[in-house]
1. Report, in whole Å, the centroid distance computed from the Cα atoms of the stretch 1-45 and the stretch 152-204.
2. Could you tell me how far the Cα centroid of the stretch 51-73 sits from the Cα centroid of the stretch 215-270, in Å?
3. Would you list 76, 228 from fewest to most Cβ contacts within 10 Å?
4. Sketch the reach of a paramagnetic label on residue 129 as a point 7 Å from Cα along Cα-to-Cβ, and name the residues of the stretch 83-108 whose backbone nitrogen lies under 14 Å away.
5. For residue 29 and residue 198, calculate 0.36 nm times their separation in residues minus their Cα-Cα distance, and state this gained length in nm to one decimal.
6. List 153, 141 from most exposed to least, where exposure is judged by having the fewest other Cβ atoms within 10 Å.
7. Pop a pseudo-label 7 angstrom from the Cα along the beta-carbon direction at both residue 262 and residue 14 and give the gap in nm to one decimal.
8. Over the chain, with a Gaussian network built from C-alpha contacts below 10 Å, which listed residue (231, 175, 123) shows the highest mean-square fluctuation?
């Protein structure tokens, strides 16, 4: 069974001991941790000390809460050389921290803002260059370097992720954190099963975590988070793919309302119960 986890900063920003305690009390066994967004006084990955890492490790170990993914979101497509240099340095430091903490994967994004098709074409070579260097460094530290893809960002389709795989010669240390909801929009909701299945059918063995959230779009078109299973998101493709993703890859709840944690945990566990649905997914490039 895949571990049941949560995005750590959904519990706010605090010291490591308080944060780990809150996650444990809510009933989650692991988390995705973005240190600068989650832990007070540790606002820059590049300034983290060995003592900082040891304190985080002690706090989470004491509460028996795992850290499955270390988040290091950066704009890898930026045309600014200084920003690109800092982004790469941050990813490399995150890899070092992940190794020290025993975390199997770090995750970045390819952009931090919506891009036009032209900006995506121009930005992709910059993304590929950083990812090549980060993947080599990750391999040397026995950590997976993963990308979380968003619909408006530079790498936003299975075809684009395939190109990224080609850029690293299919290195197994390049993985994917899949947030299916972030690949959708209100206009594509009717096609959500097709869209999500296209990612899962190609890349399930490379997935280091699946982010789960649910939502509704009201009459005004406003996105509104809701408890899992209460909204418009179709969980069937995720349920069908769980037999294909690595056993260690967690399901990570995002946009958690802490009062709903037990309901959401029960729903997440139910996704792994046998349903007898869905044929085995193909895997042309997942190995």
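1. Using only Cα atoms to place each centre, the spacing works out to 26 Å.
2. Between the Cα centres of the stretch 215-270 and the stretch 51-73 lies a distance of 24 Å.
3. Numbers: 76 28, 228 24.
Least crowded to most crowded, the residues run 228, 76.
4. Under cut-off, by backbone N: 83-89.
5. Working: separation 169, 0.36 × 169 = 60.84 nm, distance 2.93 nm.
Full extension from residue 29 to residue 198 adds 57.9 nm.
6. Numbers: 153 25, 141 17.
Ordered from fewest to most neighbouring Cβ atoms within 10 Å, 153, 141 come out as 141, 153.
7. So the label points at residue 262 and residue 14 sit 1.9 nm apart.
8. 231
The numbers here are math on the coordinates, done by the rules we state, and not lab data. Bear in mind that the values here come from a model prediction, so they are computed numbers and not experimental data. FYI the Cβ positions are ideal-geometry reconstructions off the backbone, even for glycines, and counts take in every protein chain you see.
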